[in-house]
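Working notes for the structure below.
Just so it is clear, none of the values below were taken in a lab; they were calculated from the coordinates. Because the structure is a prediction, the values reported are computed rather than measured. Cβ sites come from the backbone with ideal geometry, for glycine too, and all protein chains shown count toward neighbours.
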Amino acid sequence: MKKTVAFYTLGCKVNQYDSQAMLERFLEAGYEAREFGEAVDVNVVVTCVVTSAGEQKSRQMLHRAKRLCPKAELIAAGCLAQKDAEKLKDLGARLIIGNQHRDGIVRLLEEAVQDDIQLIAVEDVRRIPYEDTSISSRQGKTRAVMKIQEGCDRFCSYCIIPHVRGGIRSRSPEKIRMEAARLASAGFQEIVLTGIHLSSYGRDLDGADLINAIRRVAESGIPRIRLGSLEPMAATDEFVCELKKIPQVCPQFHLSLQSGSDTVLKRMRRAYTSAEYRASATRLQAAFQGCALTTDVLVGFPGETEEEFSQTLAFCRAVGFSKMHVFPFSSRTGTAAEKMPGHLPRAVKAERAARMGALDEELSAAFRTGMLGTVQDVLFEQPAERGETEGYTPQYFTVKVLGGISGRIQRVRLDAMEGEGFRGTLIQ
């Protein structure tokens, strides 16, 4: 009888990619995949520490995995494992693997079991090369995430990620081309390019940059390419001009904002002003018809005044985001912001998050209203209720229709808004 493995993944798209890569290593070793919560031989929890809530949930899921399957081997992977390896031994993890050695996860587990030890496979991520993990398929999906970059060296004052992911490391353009070709051959219709700091791709390689990487993916013939989070200053005139020449690129871009107040941005150690951000956003909106801009907003940063918060509200309204991900400030041990004066009460942060969330709903509804009646190429992914099929527009909104075919891109007229997406009609 084959051994079984289940994964639970928290956090970002990079974690999703790392999880898929590790799962494929288990499948290659003869394991069968199961849903998390089922009785299995091995449970893997891929953890996150970007916020205190993410770290707390990571610990909770490790506890839950041990409680659900006390006899199963438990693997703690990802950023919490990188940050607090020794502490996770107390949670009963057989293998603690940080942000390296993921290709060897099965071998490391088997060594730990054979020697009947708890094994910590965590290195100092400041001095390691890019780990060239790869994926070739993803069962039941039509959209694949591809990691092409690892690490960050910006050290924004609130962010712990450089400490647990290390410095800039990039995947080679040839390896990117090869994996894109495999995914296209496997039937994927869209590839999402991601990294910890995607805009820094190629800085550690001779003659490589992000546009070069996107072109390599386009060579695969994949119908759609979507980009992960970009730094605002990456959207230069030259970058946007070259990006527009790649027809597979979806007109949806995530430009991380954090704050629309210049004084807060300075305290955050962000490398742009609100005016520079606005210029980048305008370039993309002008170059791509129907361009949808999404962003992250961090409210309640230490010392944030009501005036500074109001500046952020006004800035977001002026840009006209299609979606905002709103986070109340969460202090992270070891960051510069932890020691800053003026930490705000939880109630103030919650109230500002609620006000920003209300603006998000308003802006999203306004953007979607402008899309009503348009015809969009929708990538259908899965069945929905009432015999419908659900898919995504290039702007990354969900659409439900009768008669859609999963795994296909079909033309759809957007007839009505429903929830945060649309209902539509197939155009034959």
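Highest first, please rank the peptides 358-364, 177-183, 267-273 by the mean number of other Cβ atoms sitting within 10 Å of their residues.
Result, highest mean Cβ count within 10 Å first: 177-183, 267-273, 358-364.
In order along region 322-329, the phi-based Karplus estimate (6.51 cos²θ - 1.76 cosθ + 1.60, θ = phi - 60°) of 3J(HN,Hα) comes to 7, 7, 10, 9, 9, 10, x, 4 Hz; Gly and Pro are listed as x.
Quick one: of Lys3/Lys57; Lys87/Lys349; Lys66/Lys87; Lys2/Lys141; Lys57/Lys339; Lys13/Lys339, which pairs are farther than 18 Å apart, Cα to Cα? Those over the limit are Lys3/Lys57; Lys87/Lys349; Lys2/Lys141; Lys57/Lys339; Lys13/Lys339.
Among residues other than Pro223 with Cβ under 14 Å from its Cβ, the summed charge is +1 (Lys and Arg +1, Asp and Glu -1). Charge dipole (Cα centre; +1 on Lys/Arg Cβ, -1 on Asp/Glu Cβ; no other charges) of the chain amounts to roughly 260 debye. The distance separating the Cα centre of region 90-150 from that of region 220-251 comes to 30 Å. Compute the FRET efficiency between Arg64 and Ser136 as 1/(1 + (r/R0)^6), taking r as their Cβ-Cβ distance and R0 = 35 Å, and round to the nearest 0.05. Given R0 = 35 Å and the Cβ-Cβ separation, E is 0.70. Extension gain, Arg411 to Asp237: 0.36 nm times the residue separation minus the Cα-Cα distance gives 59.5 nm.
Model label points for Glu123 and Ala279, set 7 angstrom from Cα along the Cα-to-Cβ axis, are 4.0 nm apart.
In this rough spin-label picture, where each label sits 7 Å from Cα along the Cβ direction, the Arg317-Gln289 distance is 3.1 nm. Computed over region 4-123, the convex hull of the alpha-carbon atoms projects to a mean area of 6.4 nm². Computed from label points 7 Å out along Cα-Cβ, the spacing between Asp116 and Ser310 is 6.9 nm. What translational diffusion coefficient, in µm²/s and rounded to a whole number, does the Stokes-Einstein relation yield for the chain at 25 °C and a viscosity of 0.890 mPa s, taking the hydrodynamic radius as the Kirkwood radius over Cα pairs? It diffuses with D of about 107 µm²/s by this estimate. Ordering 61-69, 84-92 by mean Cβ neighbour count within 10 Å, with the highest value first, yields 61-69, 84-92. Tell me, what is the FRET efficiency for Glu351 and Thr374 to the nearest 0.05, using R0 = 45 angstrom and their Cβ-Cβ distance as r? For R0 = 45 Å, the calculated efficiency reads 0.80. Rounded to the nearest 20 debye, the dipole size of region 375-426 about its Cα centre is 200 debye, using +1 on the Cβ of Lys and Arg and -1 on the Cβ of Asp and Glu. Per the Kirkwood definition applied to all pairs of different Cα atoms, how many angstroms is the hydrodynamic radius of region 220-373? Taking the inverse mean of 1/r over all distinct Cα pairs, region 220-373 comes out at 16.5 Å. In terms of its C-alpha gyration tensor, region 375-426 comes out rounded, because the ratio a/c of the largest to the smallest axis stays below 1.5. Counting each DSSP H run of 4 or more residues in the chain as -39500 (n - 2.57), what helix-only mean residue ellipticity at 222 nm follows after dividing by all residues, to the nearest 500 deg cm²/dmol? After summing the helix terms and dividing by residue count, I get -10500 deg cm²/dmol.
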